[in-house]
Amino acid sequence: MKKSLFFLFAISLFWSCAPKQYSAIMLPETDYVDLDTLTVTAPSEYEGDPISLDGKDSTEDIELPEYRASAKRESDLLHTKLDLHFDWAKEQVMGKATLTLKPYFYPTDKVVLDAKGFQFNKINFEGSKEQLKYDYDSSKVTIYLGKTYNRNQEYKLFIDYIATPAASGGSAAITSDKGLFFINPRGEEGDKPQQIWSQGETENNSRWFPTIDKPNERATSEVTLTVEDKFKTLSNGLLVSSKKNADGTRTDHWVMDMPHAPYLVMIAVGDFAVVKDKWNGKDVDYYVEPKFEKYARNIFPNTPELLQFYSDKLGLPYPWQKFSQVVVRDYVSGAMENTTAVVFGEFMQGTDRELIDNRQNETIVAHEMFHHWFGDYVTCESWSNLTLNEGFANYSEYLWLEHKHGKDEADFHRLQEMNGYMQSAAQGIHPLIDFNYHDKEDMFDAHSYNKGGLILHMLRNYVGDDAFFTALHNYLTKNAFTAVEADQLRMAFEDVTGEDLNWFFNQWFFNKGQPTLKVEYDYDDDTKEVIVMVEQTQDAKKMPGVFVLPVAIDVYANGKMTRQNVRIDQRSQTFRFPSDKDPDLIVFDGDGVLLADVQDEKSLEEYIYQFKHATNFEHRIKALGQIVESDSPEALETVSEALDDKFWLFRLFAIENEKLDDRAAERVAVMAEKDPNSDVRESAIRKLAGTEDKKWAPLASRAVEHDPAIKVVSAALETLLALDKDAALATAKKLEEENDEGIILALAGMYSEAGDPQRLGFYEEKFSKVTGFNQVGFVQNYVKLAQKGDAAAMLKTANTIKGLATSEAKMFWMRFMVTKSINELHATLSGKIEAETDATKIADMKAKDAELVKIIDGIKAWEKDDRVMNMYEAFPNPTPKP
């Protein structure tokens, strides 16, 4: 699963939590040992106070929370057969389930199934009319089999039921646990598509079919779906038959004959366009809304190439029957790796122009695909071990970017992931393998994802590529179609490397936190030695006082780099290396792989040398972040040189920090039109707006008309508005007939900045054309402009957008954002009432303000999500002016 908030806030996470040395960097506004008991006596201020290296205060009697064991297996589900019909109006599933089971080991005369919110019509053995006795508590059904079965005896249960999926909560990663979702089920939401789709993870498929809903269960499955003939369907495995019925319906039969976990079972129903591809003779299908049909291959970029790349990298060809991907409306997360049938949110859809230089779609497709080895083929046995699914999927993004776009791109991605983790860790830490979580949904965090991937990168660096991928191959083949825990991964690496790796797994997987390293450099003229002093300063009461860290230290002297590989395994250590001169530069962690807060200081001269000579992206971006803080000629020259860097982010950074004299402006203007990267062109055009020089207006006009990337068009419109308002509005008027969401958003932003309430009609006309996450920016611009209008305009705006705040399908934070926007309209109108002197106008304004308050109160009364209700307390209860 790809967490929705991870990609939505990826850029803000990177910079808002970046260490101080990165704070000057600007990003584009676009897409985003076994130390269990060892103690040491610390020097200086810790004198006489032993530090526990396992992160625990041995003097305290700690009461542990509940241990989250893997689910006990009493029955073994072998096969699930579902025959499903749907009542759209009631949002119900009429199902017939035939389950093949047997006792797991011990004999038993009953079976317990997960079935949340069901009405049972029949429960009997297949082929029998005799009803079986059962107990049901609305969550689990205990079925009494009438005799005792042993582990060699299979039996088949037939269950006729009605399921009414209902949410009982959600999380930041998966905002609703409803399990099955009916989208626009009664056709009441205009031209919004009607769809049905499922979201099983974590344990929510049992809201629409009876099962043993645990990750360490595994069964084959088949699903028969009867739907209106106008709809397409998708499920796991292969479509083996499709039959038209006399009543205008069609029955599709999907068969998955390879075992997978119950949470990976999926269905999707809707008016999809299906674009077909192939890889090694297997079907590769893309399901999108019809208007995006011709863009499908770019919406799911490089899919066949990714299948080949991962198959080759792992030495294990993609093992499943097909690979399908579908985009659905109002999805409750980012994406989900259902076996052979991945579900994505609508944010993925876009035109070719919107998808230019879009790494987001690439990495999400990569993430969900890699799950088909790590998560589907081999599955974590419990949610405590979730990183065995998500850490690998997270790291797959690095592997793909490294392969397709180069190491700089991959290392930039790694730095974003690390800073996302660091921000999360600042709020609280827990072991990566966490047997004491409060709620299983809590495991879907920056530990399981970001930290898991970062640790795998360190492990790869330590053992080497050959050993790393050989161990992964062995791990997959040995544990195929089974559930695993972290020790099995460790043993796979030990079998290949011949090394006991408990030290690595204990500190990174089973303990918590990460090191903080204070690094200082010196040179001894007498002994001709470089001196590197490393002190671990992390809080030893919260995490290990000492981490064992194999690390490379690069020494640059006499025009060459010499690498020293060392092992840090003490609280404070000093390393000395021979060097016949005081080096030009010393780089700690030369490969840039440590998950650590490394704190060191260097001179401006050293940072300039580091930017020009270091081989790793992390060290170069850190250096450039420091260089721009200086106005020295050497610093300014270095920033200017970065305009020609081969990696796009350095060019963009240089644009953002370039001091624009006439000569520099000319260089930036050339980049605005000719740089191969659209993020760089966008940044260059925005930079020219700051010159306030009208001579760049024609360039902005050309970009609007000819640049293929929508993000550049949007920036060009804003620049044109800043330099030549009349020309900008005239150009925008020509684009109003476009229904491309990217163009709509660009115009929405421009009209909001222009500040003419006469343009509010544009927002009303285009409101239904904007979908998914794009609604956030659109609504904010809509409200910003409405605040400059009269009371009637504000009320009309509130009435237009209020439905988003009372839609179960919208993520909780979006509902809050819309309500907050309406509250801002109320606050603005209240201020206008106080400033107005005309009694008639005041009366009218008060009446409309009362309507705004009524809308807000109605939304708050409708809301049942505690997260949103708590956020509503952040702004005062609206009160109309008396």
Which pairs, out of 291/646; 602/659; 560/622; 694/832; 313/560; 659/766, put more than 30 Å between their alpha-carbon atoms? 291/646; 694/832; 313/560; 659/766
Quote to one decimal, in nm, the extra length available between residue 753 and residue 277 on full extension: 0.36 nm per residue of separation minus the C-alpha distance between them. 167.0 nm
Suppose every K and R has +1 on its Cβ and every D and E has -1 on its Cβ; what is the size of the dipole of the range 570-695 about the Cα centre, in Debye to the nearest 20? 300 debye
Added length on full extension, which subtracts the Cα-Cα distance from 0.36 nm per residue, residue 89 to residue 242: 52.6 nm
So for R0 = 35 Å, FRET eff. of residue 567-residue 477 from the Cβ-Cβ r, to 0.05, ends up at 0.65
Mind ranking 238, 459 by accessible surface for me, highest first, 1.4 Å probe? 238, 459
Which percent of the accessible area of the range 713-860 is formed by carbon and sulfur heavy atoms (probe 1.4 angstrom)? 49 percent
What is the calculated FRET efficiency for residue 604 to residue 792, with r their C-beta to C-beta distance and R₀ = 60 Å, to the nearest 0.05? 0.55
Excluding residue 230 itself, calculate the net charge of residues whose Cβ lies under 10 Å from the Cβ of residue 230, where each Lys or Arg counts +1 and each Asp or Glu counts -1. -1
Add -39500 (n - 2.57) for each DSSP H run of 4 or more in the chain, then divide by its residues: what number comes out at 222 nm, to the nearest 500 deg cm²/dmol? -11500 deg cm²/dmol
Take every DSSP beta bridge with both residues inside the chain and express the antiparallel ones as a percent of the total, to the nearest 5. 85 percent
Accessible area per residue, 1.4 Å probe, Å², for the chain: what's the number? 40 Å²
Expected output is a single nm value to one decimal: the length gained when fully extending between residue 497 and residue 768, i.e. 0.36 nm times separation in residues minus the C-alpha distance. What is it? 91.8 nm
How much of the accessible area of the range 561-672, probe 1.4 Å, is carbon plus sulfur, in whole percent? 43 percent
Taking a ≥ b ≥ c as the square roots of the Cα gyration tensor eigenvalues, with a/c under 1.5 meaning rounded and otherwise prolate when a/b beats b/c, else oblate, which class fits the range 759-882? oblate
Cα centroid separation - the range 102-120 against the range 327-395, whole Å: 31 Å
Taking a ≥ b ≥ c as the square roots of the Cα gyration tensor eigenvalues, with a/c under 1.5 meaning rounded and otherwise prolate when a/b beats b/c or oblate if not, the chain comes out oblate
What shape does the range 299-444 have by the C-alpha gyration tensor, where a ≥ b ≥ c are the square roots of the eigenvalues, rounded means a/c under 1.5, and otherwise prolate means a/b greater than b/c and oblate the rest? rounded
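The values are calculated or read from the model by the stated rules, or taken from the named source; none is laboratory data. For clarity, every value in this text was computed on a predicted model and none was experimentally measured. Cβ atoms come from the backbone with ideal geometry, glycine included; neighbour counts cover every protein chain shown. Accessible surface areas use protein heavy atoms only, side chains included; no ligands, DNA or RNA. Shrake-Rupley method; radii C 1.70, N 1.55, O 1.52, S 1.80 Å.
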